[in-house]
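Colleague: Submitted below is the structure of interest, expressed as structure tokens.
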Ligand code: URP
Ligand code: ZN
Ligand code: ZN
């Protein structure tokens, strides 16, 4: 078993910072010590197998991205990152655990959907991974399957109020699933957009000849998100189920969550880097020589990017500070322009929905620290500690403390990261939604359960080193 001492760094947790050395023994953290400490009279730096000098750097728990879609079948194609390429990219960016969505499609058994996801991931991941369960067909059998899900280490499931004919659940189905969740302690994750109403707007826009990517954003107006968020909150209120709303982008949806929380309801919200930094006008409606107005397809995702004139971004940052939103995940769902996004040329509704970003979340949120949006501690909290607590991983993940998995990132605030296909990009995509972004910091060293997977701009990880992590129930259950 290899022993490692990370010396001289500033250990950052959700509650504070301290100068400390971190002793790693095999796969776990053995001790967090005052700098230069001896252990039982032994000079640690001389006795360990490996010393990592973190002087001037931050030592943080590895990121947990609780919303990824490796290999997700969508829109007649599939997300372009496999578990191998996607987890490798995650590691490059300082994320050491992903929670991906296993899919039950219409007509399929939940158990078979989950088994298929285990098969895709097993032996291929560079970092640890867990699953949520998408329930795309709520019926008596799937409700029964939900009752056994927590025993499989899958303590959360996702329903869609959007995408009629694909993953959509109506209110009756949502109510029934939430009743099971209230009984079992499963966390209900909700894609909150009014799918049937959106589909009417989509057809009207297409009939009017409005076929370009920007109209994806027009059809999925903020009212569609606010209304669905409110409805999900009310159904959760009625049933007593805890609720976690995914990829919140509209400030009006944030207000719904905040009001419910103020009233004492157990509801939570996640946003994603794209909603904090990108806008409908600058991205969905973008033009370039290569793709013309279709360039905007790169940023077609749901919920959509919002208009900068409506000031959603300021409200999202503010909600992250005040804990009206609790965490940031990527909703990593990459599609190439060639052969994938291109499927929607001439009809925006056929553009596969999704943005790739698993590699850049830690950096993009660190830039939020530099820009004064959030504190250093909040950076760690919303990217690692809360995801661990929310989804039943805390203690093992999301914190640097004795006994925890040695998932550790050494982050250099004096470093620099240029994001783009040529510079830093390891995701399996032919473009970057983040092309040209400059980050005032750098992921130096990434350790996953004691193994160094990234160091000094070299990848040292291996497919298959990552394991499935069984998750417990959320720590936020009442
Ligand atoms: O655009 C998105 N978000 N694609 C992935 C599927 C989902 O709704 O999360
Ligand atoms: Zn979704
Ligand atoms: Zn998603």
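Colleague: Please arrange 226, 27 by how many other C-beta atoms lie within 10 Å of their C-beta, fewest to most.
Modeller: Fewest to most other Cβ atoms nearby, the residues stand as 27, 226.
Colleague: What FRET efficiency comes out for the pair residue 281/residue 371, r = Cβ-Cβ distance, R0 = 25 Å, nearest 0.05?
Modeller: Here the calculated transfer efficiency is 0.75.
Colleague: Would you list 142, 318 from fewest to most Cβ contacts within 10 Å?
Modeller: Taking fewest neighbouring Cβ atoms as first place, the list is 318, 142.
Colleague: Rounded, prolate or oblate: pick one for segment 411-455, where a ≥ b ≥ c are the square roots of the eigenvalues of its C-alpha gyration tensor, a/c under 1.5 means rounded, and failing that, prolate if a/b is larger than b/c, else oblate. If you can, show how the numbers build up before the last one.
Modeller: On the way: a/c = 3.50, a/b = 1.40, b/c = 2.50.
Judged from the Cα gyration tensor, segment 411-455 comes out oblate (a/c at least 1.5, b/c at or above a/b).
Colleague: Quick check: Cα centre of segment 331-366 to Cα centre of segment 104-155, how many Å?
Modeller: 24
Colleague: Counting only C-alpha contacts under 8 Å and six or more residues apart, can you give the relative contact order of segment 62-390 as a whole percent?
Modeller: 19
Colleague: Could you calculate, for segment 137-199, the ratio of the Cα radius of gyration to the Kirkwood radius, expressed as Rg to Rh?
Modeller: Checking Rg against Rh, the ratio lands at 0.98.
Colleague: Shape verdict for segment 62-390, please, from the Cα gyration tensor: rounded (a/c under 1.5), prolate (a/b greater than b/c) or oblate.
Modeller: Numbers: a/c = 1.20, a/b = 1.15, b/c = 1.05.
Cα axes put segment 62-390 in the rounded bin.
Colleague: Now, a different point. Please state, rounded to one decimal and in Å, the Kirkwood hydrodynamic radius that segment 323-457 gives when every pair of distinct Cα atoms enters the mean of 1/r.
Modeller: Every distinct Cα pair counted, the radius reaches 16.6 Å.
Colleague: Which angle between 0 and 90 degrees, to the nearest 10, do you get for helix 312-322 versus the longest principal axis of the chain when only C-alpha atoms count?
Modeller: 40
Colleague: Pulled fully out, how much extra length does the chain show between residue 459 and residue 106, if you take 0.36 nm times their separation in residues and subtract their Cα-Cα distance?
Modeller: Values: separation 353, 0.36 × 353 = 127.08 nm, distance 3.92 nm.
Roughly 123.2 nm would be gained on extension.
Colleague: While we're on this one: Sort segment 155-239 into rounded, prolate or oblate with this rule: let a ≥ b ≥ c be the square roots of the eigenvalues of the Cα gyration tensor; rounded if a/c is under 1.5, and if a/c is not under 1.5, prolate when a/b is larger than b/c, oblate otherwise.
Modeller: In terms of gyration-tensor shape, prolate.
Colleague: Using the count of nearby Cβ atoms within 10 Å as a rough guide to exposure, how do 422, 359, 310 rank from fewest to most?
Modeller: 422, 310, 359
Colleague: Looking at the chain only, what percent of DSSP beta bridges run antiparallel? Nearest 5 please.
Modeller: Roughly 50 percent of the beta bridges in the chain run antiparallel, per DSSP.
Colleague: Let me have the relative contact order for segment 70-144, percent, based on Cα pairs under 8 Å that are six or more residues apart.
Modeller: 34
Colleague: What 222 nm value per residue comes from the helices of the chain, counting each DSSP H run with n ≥ 4 as -39,500 (n - 2.57) and dividing by all residues, nearest 500 deg cm²/dmol?
Modeller: Rounded to the nearest 500, the figure is -8000 deg cm²/dmol.
Colleague: OK, next. Helix 361-370: angle to the longest alpha-carbon principal axis of the chain, degrees 0 to 90, nearest 10?
Modeller: Approximately 80 degrees, to the nearest ten.
Colleague: Let me ask something else about it. Round to the nearest 10 and give me the degree value, 0 to 90, for the angle of helix 195-207's Cα axis relative to the longest principal axis of the chain.
Modeller: 60
A short reminder: the numbers here are calculations on the coordinates, not readings from a lab. Computed from a prediction, not measured in an experiment: that's the story for all the values here. Virtual Cβ from ideal backbone geometry, glycine too; neighbours counted across all protein chains shown.
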